[in-house]
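These notes are about the structure you will find just below.
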Amino acid sequence: MSAVDTLKNLSILSDWTDEERLLLASRMEVLEVAADTVLLSEGQAAESMYVLESGRLRIISRGEILGVVD
């Protein structure tokens with residue numbers, strides 16, 4: 001699936017034009033991570049926007065799982 005197709009499936013970007021999605025897609029990079037990789041720690045400022053194309057993401061705070069995104 002292309003980056004533009006992935007972005008078309010995001011409800012948060014549903015009002016965006018194809019041109020806007022294409023611009024964002026041109027700045028995206030695919031990041032494949034191994035299981036249990038920490039992408040961002042609590043309190044750390046985010047420097048990127050992440051789009052989960054496949055897999056599972058756990059949201060953990062102080063050792064407690066707050067949510068899971070599939």
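What follows draws every value from the coordinates through simple rules; no lab data is involved. Every value quoted in this text rests on a predicted model; they were computed, and no experiment measured them. Every residue, glycine among them, receives a Cβ derived from its backbone with ideal geometry; neighbour counts consider all protein chains shown.
Could you give each residue of segment 25-40 its phi-based ³J(HN,Hα) in whole Hz, using Karplus coefficients 6.51, -1.76, 1.60 with θ = phi - 60°, and x for Gly or Pro?
4, 5, 9, 7, 9, 7, 10, 9, 10, 6, 4, 6, 6, 8, 8, 7
Evaluate the charge dipole of the chain about its Cα centre and quote only its size in Debye, nearest 20, assuming +1 on the Cβ of each Lys and Arg and -1 on the Cβ of each Asp and Glu. Can you show the working numbers first?
On the way: 6 positive and 13 negative charges, 37 e Å.
Here the size comes out at about 180 debye.
Thr6: net charge of surrounding residues, Cβ under 11 Å, Lys/Arg +1, Asp/Glu -1, itself excluded?
0
Whose amide H sits under 5 Å from the amide H of Ile60, counting only residues 5 or more places off or on another chain, with H placed in the peptide plane?
When sequence neighbours closer than 5 places are left aside, the close amide H contacts are Leu66.
Using Cα pairs closer than 8 Å and at least 6 residues apart in sequence, work out the relative contact order for the chain, in percent.
19
Calculate the tail of P(r) for the chain: the fraction of all Cα-Cα distances greater than 15 Å, expressed in %.
Considering the chain, 62 percent of its Cα-Cα pairs are separated by more than 15 Å.
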